[in-house]
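The values are calculated or read from the model by the stated rules, or taken from the named source; none is laboratory data. Given the structure is predicted, the values throughout are model-derived calculations rather than measurements. Counting neighbours? That spans all protein chains shown, and the Cβs are built from the backbone with ideal geometry, glycine included.
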Amino acid sequence: MDRHQGRKNPEALAADRQAAYDRRPKLCCCCIPIRVGIGIIGAWWLIYGVVGAVVSFLDFLCSQIAQGVVYCVLAVVGILGMVAACARSVAAATIFAVCYWVMTIIVISMTIAILVVAVVKHQDFIGNCNGQDYTSSILGNATTIYINQDWQKYYRNVLIGSIVISIVLALLNFYFAWKACSYISNIRANNRYRSEV
């Protein structure tokens, strides 16, 4: 009796494993299905974009208006994400994934530019704070040197916190952009499985 009799060949086993993997529900974060996760990401970007646009357009400065336009685009990308989650369409998911990657790169570039300006111009910002002549506090009068040191410590702490938060948010944006691409392959696998059945 042949010991290999009754076994599938390696190609068939690999195809079965791939089919089982493709049918398996994909997750976005721990226990959230990827479709729901894409809808949540889209809703988050929509809310963030609308709130950011409203706040930016309330100031009539050119830089704020440009930022408001970016927020409006974020809101549109959020709508695309919600449509992609509801429609289960490869085309809608592809458009969302491409837009999400582009906006992620734009937002991260803007954040890096803001942080670079904050680092380069830190003496100007501290000088502006010192120029306000805050020489008294609840505890009494303070010397200018003490106040200058306080502003430097405060500015350094805020800058470090901003950098850490920016890195965490950038990593989250990259993760969710990757999940948006994963959603496309999930839709394709489900469509392939449905066409075979």
Filtered residues of the range 156-176 (kept if farther than 16 Å from Val117 by Cα and of a type in the set (A, V, I, L, M, F, W, C)): Val164, Ile165, Ile167, Val168, Leu169, Ala170, Leu171, Leu172, Phe174, Phe176
Search result, residues across the range 28-51 that are β-branched (Val, Ile, Thr) and in contact (Cβ under 8 Å) with a residue 40 or more places away in the chain: Ile34, Val36, Ile38, Ile41
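Does Ile145 satisfy the condition of being part of a helix (DSSP H, G or I) and either surrounded by fewer than 14 Cβ atoms within 10 Å (Cβ to Cβ) or at pLDDT 90 or above (or both)? Spell out the reasoning first.
Working: part of a helix (DSSP H, G or I): yes; either surrounded by fewer than 14 Cβ atoms within 10 Å (Cβ to Cβ) or at pLDDT 90 or above (or both): yes.
Spelling it out, Ile145 is indeed part of a helix (DSSP H, G or I) and either surrounded by fewer than 14 Cβ atoms within 10 Å (Cβ to Cβ) or at pLDDT 90 or above (or both).
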Set Ala113, Ala43, Ala85: member being of a type in the set (A, V, I, L, M, F, W, C), at pLDDT 85 or above and either touching a strand residue (DSSP E or B) at 6+ places or on another chain (Cβ under 6 Å) or surrounded by 15 or more Cβ atoms within 10 Å (Cβ to Cβ) (or both): Ala43
Contacts under 8 angstrom Cβ, first residue in the range 74-100 being assigned to a loop (DSSP other than H, G, I, E, B), partner not aromatic (Phe, Trp, Tyr), 6 or more apart: Arg88/Arg35; Arg88/Ile187; Arg88/Asn190; Ser89/Ile187
